[in-house]
Amino acid sequence: MLNLELYRKLYTVRKTEECIREHYAENEMKTPMHMSMGEEAIAVGVCHALKKEDQVFGTYRSHAIYLAKTLDTDDFFAEMYGKDTALLKGKGGSMHLFASEFGFMVTSAIVASNIPVAIGAAFANKQKRNGKLVAVFFGDGALGEGNFWESLNVACLMELPVLFICEDNDLAIHTPARERQGFNSIAKIAAKFNCNVLKSDSTDAEIIYKLTRRAIKLIRDTKMPSVLYLKYYRYLEHVGVNEDFDAGYRSKSEFEKWFKNDPVSLQRAKLLRRGFKKQVLGIEKRVEKQIENSLRLAKAAPFAEIKELYRGVFA
């Protein structure tokens, strides 16, 4: 059932990050953390609508999209702890995740740097006629970089199979949109290009999933890229595992307003109303056991040998 599948992914993302928050102070995870709490509906809704072979390019706030696309907590925690059992042997950390076997191609710590790379992948897919779609995630702060507009322009000109996902939390680190954007509507500006534009401020993963399915169909039918403009609220600080409502740039009341429609709680309540309590509890138990096991394996795993530092270094 769709809602149970969505809830499994939502719960996996949320519990994984709760586990990070619980253990981060132990100082064994040496990587900075850009947490995904609050945006789970976008990551899960979009990634659930993609096929396994479709390719995802993400930002430094990568946990939710990585887990929604892969559901692989073993490699995830091994990378967080910098261990040899991780695919990147600890050289990637939280901001540079990779799992090509799931179509998860790259995440990048540099704002908007993933977007032109995604366009290159979409061009390659079109040339190969392999049917793969590219989904590229970015925050609204990325619109301050010229390569977003250049990439959107090229994707429209070349009619590339790419889905742009703008995750707008109104903040570029701590700066609200009104102080950095000389326009009022991202969606209206994107619609001036030859592409399909869809938008939502829903925290319901089911709604985002259906909207994404529609956006993908439009890509196939019109042979033009689609843009998803989606609003969310970041629960925690820009980088780190704590709340920051005492920092002065946003209020706790704003968070409380959004939290009334928390993505995980919303989907859980929907399932309980429909009589799926047994299935929900089963999902939660299995996910918690999976995360507990992944954490145990990561902590017990060895670090890579020093020579690993020189592998994959070309200049």
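Just so you know, all these numbers are worked out from the coordinates, no wet-lab data involved. Since we're looking at a predicted model, the values are computed, not measured. Cβ: placed from backbone, ideal geometry, glycine included. Neighbour counts: every protein chain shown.
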Check: Of the residues that make up the range 37-45, is at least one surrounded by 23 or more Cβ atoms within 10 Å (Cβ to Cβ) and among the charged types (D, E, K, R)?
Finding: yes
Next item on the list: Only helices (runs of 4 or more DSSP H) wholly contained in the range 198-304 count here; list those with 3 or more residues that are under 30 Å from A25 (Cα atoms) and either aromatic (F, W, Y) or touching a residue at least 60 places away in the same chain (Cβ under 8 Å) (or both).
Entry: 252-259, 263-273, 277-300
Margin query: Can you say whether S202 is closer than 23 Å to T107 by Cβ and of a type in the set (S, T, N, Q), as far as the supplied structure shows?
Written below: no
Item checked: Residues (under 20 Å from the mean Cα position of the chain (by Cα), more than 20 Å from K217 (Cα to Cα) and outside any loop (DSSP other than H, G, I, E, B)) located in the range 172-197 -> A172, I186
Item checked: Filter result (in contact (Cβ under 8 Å) with a residue 60 or more places away in the chain, part of a helix (DSSP H, G or I) and touching a Leu at 6+ places or on another chain (Cβ under 8 Å)) within the range 59-86 -> T73, D74, F76, F77, A78
Notebook entry, point to check: Limited to the range 108-134, what total is found for residues that are under 22 Å from R213 (Cα atoms), touching a helix residue (DSSP H, G or I) at 6+ places or on another chain (Cβ under 6 Å) and not β-branched (V, I, T)?
Noted result: 1
Notebook entry, point to check: Does at least one position in the range 1-8 carry a residue that is charged (D, E, K, R) and closer than 24 Å to G240 by Cβ?
Noted result: no
Note to self: Let me confirm something: among V56, V13, which residue is part of a strand (DSSP E or B) and buried (at least 21 other Cβ atoms within 10 Å of the Cβ)?
What the structure shows: V56
Check: surrounded by fewer than 17 Cβ atoms within 10 Å (Cβ to Cβ) and under 21 Å from G90 (Cβ atoms): does that describe Y310?
Finding: yes
Margin query: Residue under question is L4, and the condition is that it be touching a Phe, Trp or Tyr at 6+ places or on another chain (Cβ under 8 Å), over 25 Å from R286 (Cβ atoms) and either without any contact (Cβ under 8 Å) to a residue 40 or more places away in the chain or in a helix (DSSP H, G or I) (or both); does it hold?
Written below: no
Next item on the list: Run L160 past the list (1) of a type outside the set (G, A, S); (2) surrounded by fewer than 19 Cβ atoms within 10 Å (Cβ to Cβ); (3) at negative phi and report the number of the one that doesn't hold.
Entry: (2)
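Just the residues that are within 22 Å of I110 (Cα to Cα) and over 23 Å from the mean Cα position of the chain (by Cα), please, taken from the range 152-171.
Hits for the range 152-171 are N153, V154.
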Margin query: Let me spell it out: the conditions are (1) assigned to a helix (DSSP H, G or I); (2) of a type outside the set (F, W, Y); (3) touching a residue at least 40 places away in the same chain (Cβ under 8 Å), and P116 meets all of them except one. Which number is the exception?
Written below: (3)
